[in-house]
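Single-structure report; data block below.
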Amino acid sequence: SLVWFLVDVVILSFYSECLGSSCKKQPQSAELNYYDDYEAKDKIEGVSHSNGVQATYKQTDLRRWRPAPTVLPAHGLPGEMGKAVHIPPEQEGLMKEKFKLNQFNLLASDMISLNRSLADVRLEGCKDKKYPKLLPTTSIVIVFHNEAWSTLLRTVWSVINRSPRPLLKEIILVDDASEREHLGRKLEEYVQTLPVPVIVLRTHKRSGLIRARLLGAKHVKGQVITFLDAHCECTEGWLEPLLARIVQDRKTVVCPIIDVISDETFEYITASDMTWGGFNWKLNFRWYRVPQREMERRNNDRTAPLRTPTMAGGLFSIDKEYFYELGSYDEGMDIWGGENLEMSFRVWQCGGKLEIIPCSHVGHVFRDKSPYTFPGGVSKIVLHNAARVAEVWMDEWRDFYYAMNPGARSVPVGDVSARRELRERLKCKSFRWYLENVYPESQMPLEYYYLGDIRNVETKNCLDTMGRKSGENLGMTYCHNLGGNQVFAYTKRQQIMSDDNCLDASNKKGPVKLVRCHGMGGNQAWAYDEVDKTIKHVNTGSCLQRPDPSDMNLPLLRPCNYSPGQQWIMESDFKW
Ligand code: LR7
Ligand code: MN
């Protein structure tokens, strides 16, 4: 924890127990009142250095106060200390019924205190880290559509309970045209009773999370905007390291480690600090293992800020002015998706940094399905948003996106000229720069000779991943010219890759497999000869051959004989 210069008497605030929707006004501790007075009249100026740019923050003086008091477990209640909640068998029917409302176990969530205690999940090295004595204030912006009462208010309470009061300017709740009774008047009245300023804004018409966040951001009075999803729980010490990092460099966008709150049991499960954000050819956000290179840059200190190529999108802090300087969000994006990659690319390409701060942990309820409607259709919306990312930020690498998503070319992207102008105006760097400098481990190869389908001369069929996973066999079927599973990149590193996976042959005879690309040559190195049209496995010297008719469409590796069955065409018929 932090070093506190004044030794005050610790007055822990005991909150009345709060179950489900039956919450009463919480008694305010003497400490909270003290904070309030203190913040109002005692501000001092602080200076932040950011690559030569100086930003002046009106900051509150951290020397005079302590972090929020630890929330003590309320004994006898389910889920305390982040434990799993188990529903008795006789309530299983009800549980299943309620699950459908939000695609998480609402019955379990409703049984847990809004103020539930959590374990301190930080690494030991985080607990006695010293943060600057000057930190900016933050406003928390939480957008939601049809969120459950208990998850929304537990998010709010976890912010209140675990943020040093002077750093917390306000909480801004943005209701994106919800249709649930409890999110109406009842919510507005409830937030009046909270010990920090909380406002409820409404979009009135369904706007999607991106435009809802823009509405919230407009009302921010703090110096830093912190976005959270509406089903999160902040843990001890979550806020200070985020703000401290922004003070060091105001062009840093910072994310906590996003821990898992189980959608089945609401158990709080600590996530790995060895993963960072990436993306695949479909432009889905994905977690990948942090490469050794980045560990070395951090001197193998797992508590040090981790530079991440992309962020998940829901939980991050950003200097308010920098948020606007950088072009806030793309208003042309609807409902859900894409904005996280858009902002990630934009931050990096336009001179900022994106980091995961491992000493900050916030839990999030991860669910398998989305509970709400996507007016106009899920895939149309998600593809529309992703196409805008590709069109504005990815230069020629947008081809990977279009090749991989057969449906994408028929979805209109709308007008992206304003976003392209933004890119010009900010003099942002190219996607090539991003791949070279930020994300050399990317699934999208930096140098490649070819992107498209790979056709056998004899059978006229195409190599096809059949949508299979790493470790499974490569397949082959008739060519459909639609891309997707029949798209491969032939790279300068001699890989034949499809998204995450590479053609891999570990033995001379066995079927050719799809294996996670490792980038080290070996069994994944293939030499394509444009003249004799063979694809030679470098390690074994054998040639890729069409499947035997009896062989379940499995392409083979055989001694080279230069027959049409071993000849392949890398020329694409489809256009993007
Ligand atoms: O139309 C909508 N209006 C909204 O206000 C749709 C959604 N929302 C709200 C919703 O109620 C929620 O509070 O927006 C928030 C995010 O929606 P979720 O929880 O359905 O999204 P998610 O957690 O599945 O998705 C992740 O990716 C999204 C892409 O657009 C957003 O960036 C989410 O914020 C993001 N969540 C996280 O980063 C948490 C970690 C998940 C991972 C990986
Ligand atoms: Mn979410």
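Coordinate-derived values only; no laboratory data. The model shown is predicted, which means the values in this text are computed figures rather than measured ones. With ideal geometry, Cβ positions are generated from the backbone for all residues, glycine too; neighbour counts draw on all protein chains shown.
A few notes on this one:
- In units of the compact-protein estimate 2.2 N^0.38 Å, the range 336-406 shows a Cα radius of gyration of 1.34.
- When shorter helices are ignored and each DSSP H run of at least 4 residues is given -39500 (n - 2.57), the per-residue value for the chain at 222 nm works out to -7000 deg cm²/dmol.
- Helix 239-248 vs. the chain, principal-axis angle (Cα, 0 to 90°, nearest 10): 70
- Farthest toward positive dipole pole in the range 117-180 [+1 Lys/Arg, -1 Asp/Glu at C-beta], among 139, 160, 125: 125
- Angle between the chain longest axis and helix 92-102 axis [Cα atoms, degrees, rounded to 10]: 80
- Counting only the Cα atoms, the range 444-576 fills a convex hull of 98 Å³ per residue.
- Residues 487, 247 arranged by fewest to most Cβ contacts within 10 Å: 247, 487
- Taking 110, 301, 229 and counting other C-beta atoms within 10 Å, the order from fewest to most: 301, 110, 229
- Check: the chain dipole with +1 on Lys, Arg Cβ and -1 on Asp, Glu Cβ, in debye: 700
- The long axis of helix 339-349 is offset from the longest Cα principal axis of the chain by roughly 80 degrees.
- Neighbour cut-off at most 16 other Cβ (10 Å), DSSP loop, trypsin sites (Lys or Arg not before Pro), the range 442-502: 460, 468, 469, 492
- The range 452-521 - Rg (one decimal) and Dmax (whole number), Cα, Å: 11.6, 32
- The P(r) of the range 205-270 has a tail past 16 Å containing 61 percent of all C-alpha pairs.
- Between the C-alpha center of the range 539-563 and that of the range 510-535 there is a gap of 12 Å.
- Stokes-Einstein D in µm²/s, Kirkwood radius over Cα pairs - the chain at 37 °C with 0.692 mPa s viscosity: 127
- Flagged links, alpha-carbon separation over 24 Å, of 380/492; 429/469; 127/218; 169/205; 320/427; 251/492: 380/492; 429/469; 127/218; 169/205; 251/492
- Average projected area [Cα convex hull, the range 263-409], square nanometres: 10.3
- For the range 155-231, the mean projected area of the C-alpha convex hull, equal to one quarter of the hull surface, is 5.1 nm².
- Annotation: the residues 504, 499, 319, sorted from fewest to most other C-beta atoms within 10 Å of their own C-beta, follow the order 499, 504, 319.
- Debye log10 I(q)/I(0) for the range 89-145, one point scatterer per Cα, at q = 0.16, 0.20, 0.23, 0.30 Å⁻¹: -0.83, -0.96, -1.04, -1.13
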